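Written below as structure tokens is the structure these notes are about.
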Amino acid sequence: SEMVSNSYVESLINEISEMLLEGEGHITVGELATQYGLTVKFMKQSLQNALGKSSNNLGIHLKQDALYTDGFVRRHDLRVRGALNAVTRPTTVQKLVQLHKFVDATMVKDMVKKLIGAKALHGTLKNNNYTPDSFGRMQRESCETFFAANGYLPKDRAKQVKIMDAATFLRAQHPNVVNLDSIVLGDSILDRLEAVVAEVVGGDNDVGYLSVTETLE
């Protein structure tokens, strides 16, 4: 119900630009609309028109209904990069946003993709879930260590570290493992089992049955 001149809009944009550059460098369109008594739709359209001009050199960008200065984006990206380098376990983009109080999940996701593409970050991003490569190494090392010490690997233990096919995982280094329902056996355990079976079959065991669990222990 109000008439707004082009000169007013231009002065408004200049005022907003100065406020952003002197302040934190970030503000939402909704906050601006409330502050200036305008509708969100009008405010967003005015900003899009001003920032979309080929002569625009304000160093301000409109993304996801918020304004950001170049300086804010640089600082934000550095914070995201630092947070990602400290991640050792799978985490979601939203979790990173909540934990570090990042302002925009899309910006965080874009930064993850950018760093992975540039090989500055070693990991994978799938469905907003980031998994560092170091986590995969920890998975392999923990299962390899257990297998080396015990001669077998329970499948439940492997699944706890996201290894769903323990037999295939172990066969990369131990091609002769035997895949059973709940565990994967190595050569040393298999030899012990064969010796016990021979003992039972030979009649030296009065009990007359074989406990695989006791044999493994």
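A short reminder: the numbers here are calculations on the coordinates, not readings from a lab. These numbers come from a predicted model, not from an experiment. Cβ placement follows ideal geometry from the backbone for every residue including glycine, while neighbour counts extend to all protein chains displayed.
What is the calculated FRET efficiency for Thr34 to Gln98, with r their C-beta to C-beta distance and R₀ = 22 Å, to the nearest 0.05? Write down the numbers at each step before the final one.
Values: r = 25 Å, r/R0 = 1.12.
So the FRET efficiency works out to roughly 0.35.
Search the structure for amide H atoms under 5 Å from the amide H of Val184, placed 1.01 Å from N in the peptide plane, and list their residues when 5 or more places away or on another chain.
Residues meeting the amide H criterion: Leu153, Lys155.
With a cap of 13 neighbouring Cβ atoms within 10 Å, and only residues DSSP puts in a loop, list the trypsin sites (Lys or Arg not before Pro) found in segment 61-108. Please list the in-between numbers first.
Numbers: sites: Lys63, Arg74, Arg75, Arg79, Arg81, Lys95, Lys101; in loops: Lys101.
Passing both the DSSP loop test and the Cβ count: Lys101.
Within 13 Å, Cβ to Cβ, of Met164, how many net charges do the neighbouring residues add up to if Lys/Arg are +1 and Asp/Glu are -1?
My count for the surroundings of Met164 gives +2.
Per the Cauchy relation, a quarter of the hull surface: what is the mean projected area of the convex hull of the alpha carbons in segment 36-130, in nm²? Show your work: numbers first, answer last.
On the way: hull surface 30.6 nm².
Spelled out: convex hull of the Cα atoms, projected over all directions, averaged, 7.7 nm².
Can you list the GluC sites (Glu not before Pro) in segment 9-101 that are in a DSSP coil and have 15 or fewer other beta carbons within 10 angstrom? Show your work: numbers first, answer last.
Numbers: sites: Glu10, Glu15, Glu18, Glu22, Glu24, Glu31; in loops: Glu24.
Within segment 9-101, the qualifying GluC sites (Glu not before Pro) (loop, at most 15 other Cβ atoms within 10 Å) are Glu24.
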